[in-house]
Amino acid sequence: MAAPISDAVVVDVLRRVDRGLTPLAERLGRPPRVHLARRAAWWAERVSRVAAGVSAAPRFAGKLADLLPLQNTVGSAVQALVVLGVAGEHDVVDPAARISLLARVLLDRDLPADRVAPLLTRTRGSYVDEALGTDRSGLDGAARSLWRAARLLSRIDDALDARPKGKLRHRALAQLPVVGVVGGYAAEREGLRRAAQEAEQLLGS
């Protein structure tokens with residue numbers, strides 16, 4: 001059995017994901033006319049149109065996708081973008097609070113902001129531009145940001161099994177080669193909706 005992933009490693013990974021994806025969430029720009037009660041759902045729908053296909057794409061390989069670190073990490077990167085979008089709706093500007101929220105939703109890990117804050121000191125390793133690239137504009141930039149965030153999340157892949165999942169029937173369909181992308185897409189869209197809903201509930205409580 002692998003050793004438990006430490007808080008320091010989790011915070012280091014999620015810190016980099018937060019720094020790379022929060023600007024992308026800000027650029028997606030929710031229209032101000034969306035009603036307050038619908039904003040979390042808007043993020044799930046908006047990001048699913050932009051990126052759920054990216055997170056479902058590994059399902060072209062069917063069950064083989066489960067043997068690779070790709071499905072969890074790409075899907076988690078897209079869910080992280082939704083969670084950060086919802087955090088922005090609640091004016092969460094403290095990085096420690098955003099990282100704590102990511103840990104709760106993606107990892108089902110209780111990591112309060114006051115435990116995150118002391119671990120935010122920059123450590124040796126790749127910096128955000130090296131990890132996520134300097135050009136993050138446009139659709140290509142968004143795809144690169146999500147892909148690089150997925151690579152970062154691969155460091156804690158074992159913990160990502162706790163992330164919100166789609167319906168069982170869609171996940172079952174996703175086990176099949178080629179047509180699995182349909183089930184994968186539906187499962188990832190539902191996972192995004194659940195991630196947004198959970199983030200909204202945590203921030204609203």
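The values are calculated or read from the model by the stated rules, or taken from the named source; none is laboratory data. Values in this document were obtained by computation on a predicted structure and should not be read as measured data. All Cβ positions, glycine included, derive from the backbone under ideal geometry; neighbour counts span all protein chains shown. Surface areas here come from the heavy atoms of the whole protein model, side chains and all, with no ligands, DNA or RNA. Shrake-Rupley method; radii C 1.70, N 1.55, O 1.52, S 1.80 Å.
Observations on the structure shown:
- R49 vs. criteria open to solvent by 10 Å² or more (accessible area, probe 1.4 Å), assigned to a helix (DSSP H, G or I) and either more than 27 Å from P112 (Cα to Cα) or modelled with pLDDT of 85 or more (or both): yes
Rundown of residues vs (1) closer than 15 Å to L203 by Cβ; (2) of a type in the set (A, V, I, L, M, F, W, C); (3) not in a helix (DSSP H, G or I), yes/no style:
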position	(1), (2), (3)
I5	no, yes, yes
A8	no, yes, no
V11	no, yes, no
L14	no, yes, no
V17	no, yes, no
E26	no, no, no
R33	no, no, yes
A37	yes, yes, no
A41	yes, yes, no
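- Residue within the stretch 149-166 that is among the polar types (S, T, N, Q) and modelled with pLDDT under 90 present: yes
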